Amino acid sequence: MEFHYSLYPLGDHAVLIQLGHEITPENQQKVQMVATHLDNHPTSWLVEYIPAYTTVTVFYDPMKIPFSSDQLPYDFVCSYLQQSFLDLNVNKFEEQRVIEIPVCYGGKLGPDLSFVADHNGLTPDQVIDIHSNGKYLVHMIGFAPGFPYIGGMSEQIAAPRKASPRLKIPARSVGIAGKQTGVYPIESPGGWQIIGRTPVRLFRPNENPPSLLKAGDRVKFTPICFEEFLELEAKLQ
């Protein structure tokens with residue numbers, strides 16, 4: 001795999017590393033590779049980095065960058081990244097984790113399952129079968145703590161966001177928006193079509209790391225009945 005990237009300023013405290021322009025597994029691998037590299041090479045001036053679909057944004061503290069009369073902080077960080085990336089092994093990737101997430105589909109836990117089925121000319125059972133047999137990849141975590149943006153869902157069950165978002169979506173709700181699926185880790189407003197709920201907590205603030213999923217993980221959704229949901233919920237909460 002070829003490793004091409006571009007660097008751009010983002011305000012006066014950040015550098016945007018552009019690794020591609022399309023949401024693909026290959027570009028996600030590049031994002032994950034850069035994130036892992038930054039984890040393994042900490043510096044005093046690095047405040048944090050934020051991985052996204054095709055970019056990694058590096059936030060830095062200008063006051064902690066070594067002073068140089070002929071180099072601005074942004075230029076220093078760019079030079080550091082360019083030199084550091086020479087050591088990247090683009091053909092070596094971390095083994096992807098596979099996280100199984102049980103889901104109770106439909107009913108009061110998945111009030112929009114029928115809409116998704118009708119929108120696509122399917123039965124609710126067909127939607128469940130397609131959704132639970134997808135090959136899913138977590139591209140990024142965002143929107144809310146621990147919220148995974150998951151790619152790989154079949155276009156057969158794609159559905160538009162709601163015209164008017166709900167004010168409250170229960171934590172652990174599984175939704176569909178366009179060609180993506182995801183899980184709401186906490187109660188929040190949202191416009192995704194809710195097709196089920198998992199008993200598994202995705203955001204665990206007292207644990208390290210607090211997010212169950214991370215970019216690069218593979219996800220397997222497994223259907224369970226309502227009784228199994230209640231039993232697992234009692235054990236896992």
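Summary of computed values
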{"quantity": "Among residues of the range 50-84, those that are of a type in the set (Asp, Glu) and under 27 Å from the mean Cα position of the chain (by Cα), counted", "calculated": "1"}
{"quantity": "Matching option when the condition is small (Gly, Ala, Ser), within 24 Å of residue 97 (Cβ to Cβ) and assigned by TED's automatic domain parsing to the domain that holds residue 103, among 158, 171", "calculated": "171"}
{"quantity": "Single match in 132, 164, 114, 188 (criterion: closer than 30 Å to residue 49 by Cα and at pLDDT 90 or above)", "calculated": "188"}
{"quantity": "The range 191-218, residues that are surrounded by 14 or more Cβ atoms within 10 Å (Cβ to Cβ) and farther than 21 Å from residue 50 by Cβ", "calculated": "191, 192, 193, 194, 195, 196, 197, 198, 199, 200, 201, 218"}
{"quantity": "Residue check, residue 34 aliphatic (A, V, I, L, M), over 20 Å from residue 139 (Cβ atoms) and over 15 Å from the mean Cα position of the chain (by Cα)", "calculated": "no"}
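The values are calculated or read from the model by the stated rules, or taken from the named source; none is laboratory data. It should be emphasised that the depicted structure is a prediction, and the values quoted were computed from it without experimental measurement. A quick note on method: Cβ atoms are made from the backbone with ideal geometry, for glycine too, and the neighbour counts reach across all protein chains shown.
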